[in-house]
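The structure appears below as structure tokens.
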Amino acid sequence: MRLGILTGGGDCPGLNAVIRAVVRKSLELGYEILGIKYGWRGLLEMETLPLDRRAVSGILHRGGTILGTSRTNPLGVPNGLQRIAENSRKLGLDVLVAVGGDDTLGVAAKLAELGVRIIGVPKTIDNDLQCTDYTFGFNTAMTIVAEALDRLHSTAEAHDRVFVIEVMGRDAGWIATYGGLAGGADYILIPEKSFTLEEVCESIQRRHAQGKHFSLIVVAEGAISEELKKPILQSEKKDAFGHLRLGGIGEVLAKEIEERTGFETRSVVLGHLQRGGAPTPYDRILATLYGVKAVELAQQGRSGVMVALQGNQIVAVELAKCVASAKTVDMEIYKMAQTFFG
């Protein structure tokens, strides 16, 4: 059997761990494995990289992806899906392992409908893919947010400042909620629940009245205030999948807080720091389990499925169901987090 593997969308801690696992398990079973460079672009343009033990040696702890990635959308290319299906045949691929988030796996689901044998592996720091408890990369991003809050806590307290920390999260606030909870945030704002500037400022003022003259506010980039009624955009330009570039709500919020309360306020945008660098041990293990399971599913003749974590088991779920909608934050968890606001 000959397998191909690609990594698409934004880079994410743990991608190299998945590649390593897929290669090592494939070689154990006597399969040949071919790396596809730069996501779907690599299959459109036939850019490949042979993979063996030496190619994946020492990459478990490395961030990024040795295969490279892109946000290429075959649906926006004339006959894109058909070209990918044909090029997969030309490369002699029996099974394709697609590692990515909602956009990458959405394309994978359509290719499966065309008869391409494909296995999906869920990757996104946003943790917003359905059918799986966690995606790899999320634990690392959450840890980075928590560590940033630990550092900002001391400088906020020293200067009696309010800090607004903007984190990733277009449609779902998993990073903000978990990272904020772990880092002791005093308020968390997420896309799932609109907020008013008044309620945020009142919370900060209550803290000051109680002798806490500093505050840490975590806000997901996709959070929406009832006053502004829409996400803050970094650019009107859309990516290949039709997504606007979000960013800037932290600065907007900081200015409003300072103007309304009179408290000195600063904004910090964590940005790509959340997705760079070495994965946590948890993400290395999860990514490894996903990679091994993907090859086992290929061995079993499965297709059109995604590996997923459900409880403490790695299972196979229907790919189309996983990309039907975003997995948003459980509001019971957010309600619990509100216990620590203010």
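Residues of segment 243-285 with the amide nitrogen closer than 20 Å to a label point 7 Å from the Cα of Gln205, along Cα-to-Cβ, please.
So the set is 253-266.
Could you list, bin by bin from short to long, the percent of Cα-Cα pairs of the chain in 20 Å steps?
Taking all Cα pairs of the chain, the binned fractions are 32, 50, 17, 1 percent.
What is the pair-distance distribution P(r) of segment 140-274, computed from all Cα-Cα distances in 5 Å bins starting at 0, with each bin given as a whole percent?
2, 11, 21, 25, 20, 13, 5, 2, 1, 0
How large is the helix-only mean residue ellipticity at 222 nm for the chain, computed as the sum of -39500 (n - 2.57) over DSSP H runs with n ≥ 4, divided by its residue count, in deg cm²/dmol to the nearest 500?
On the way: 11 runs with 130 residues, N = 342.
Rounded to the nearest 500, the figure is -11500 deg cm²/dmol.
DSSP H helices in the chain with Cα extent of 24 Å or more along the helix axis and mean Kyte-Doolittle hydropathy at least -0.5? Before the final figure, lay out the partial values.
Details: long enough: 138-159 (31 Å, 0.10); 281-299 (27 Å, 0.29).
The answer, listed by residue number, is 138-159, 281-299.
Enumerate by residue number the trypsin sites (Lys or Arg not before Pro) in segment 1-86 meeting two conditions: DSSP loop (anything except H, G, I, E, B), and at most 11 other Cβ atoms within 10 Å of the site's Cβ.
Numbers: sites: Arg2, Arg20, Arg24, Lys25, Lys37, Arg41, Arg53, Arg54, Arg62, Arg71, Arg83; in loops: Lys37, Arg53, Arg54, Arg62, Arg71.
Loop-located and lightly packed - Arg53, Arg54.
Going down the table (Lys293/Lys335; Lys123/Lys321; Lys229/Lys255; Lys37/Lys293; Lys123/Lys293), which pairs top 26 Å between alpha carbons? Kindly include the intermediate steps, with their values, before the conclusion.
Numbers: Lys293/Lys335 35 Å; Lys123/Lys321 16 Å; Lys229/Lys255 17 Å; Lys37/Lys293 22 Å; Lys123/Lys293 14 Å.
Where the Cα-Cα span goes over 26 Å, the pairs concerned are Lys293/Lys335.
Write out the chymotrypsin sites (Phe, Trp or Tyr not before Pro) in segment 25-109 meeting two conditions: DSSP loop, and at most 14 other Cβ atoms within 10 Å of their Cβ.
Details: sites: Tyr31, Tyr38, Trp40; in loops: Tyr31, Tyr38.
Loop-located and lightly packed - none at all.
If you wrap a convex hull around the alpha carbons of segment 115-164, what volume per residue comes out, as a whole number of Å³?
Numbers: hull volume 4.6 nm³, N = 50.
Hull volume over Cα atoms, normalised by residue count, gives 92 Å³.
Given Cα pairs under 8 Å that are at least 6 residues apart, what percent is the relative contact order of segment 38-132? Don't jump to the answer; show the numbers that get you there.
Numbers: 85 pairs, mean separation 24.3, N = 95.
Answer for segment 38-132 is 26 percent.
What are the trypsin sites (Lys or Arg not before Pro) within segment 264-342 that DSSP puts in a loop, where the Cβ has at most 16 other Cβ atoms within 10 Å?
Of the trypsin sites (Lys or Arg not before Pro), the ones in loops of segment 264-342 whose Cβ has at most 16 other Cβ atoms within 10 Å are Arg302.
Relative contact order of the chain, please, whole-number percent, based on alpha carbon pairs below 8 angstrom and at least 6 residues apart. Walk me through the numbers on the way to the answer.
Values: 790 pairs, mean separation 77.7, N = 342.
Rounded, it is 23 percent for the chain.
Can you tell me the convex hull volume per residue for segment 268-342, based on C-alpha atoms, in Å³ to the nearest whole number? Can you show the working numbers first?
Values: hull volume 12.4 nm³, N = 75.
Taking the convex hull of the Cα positions in segment 268-342, it is 165 Å³ per residue.
Each value in this text was obtained by applying a stated rule to the coordinates, not by laboratory testing. Model, not experiment: these values are computed from the prediction. For neighbour counting, all protein chains shown are included, and Cβ atoms are generated from backbone atoms with ideal geometry for every residue, glycine included.
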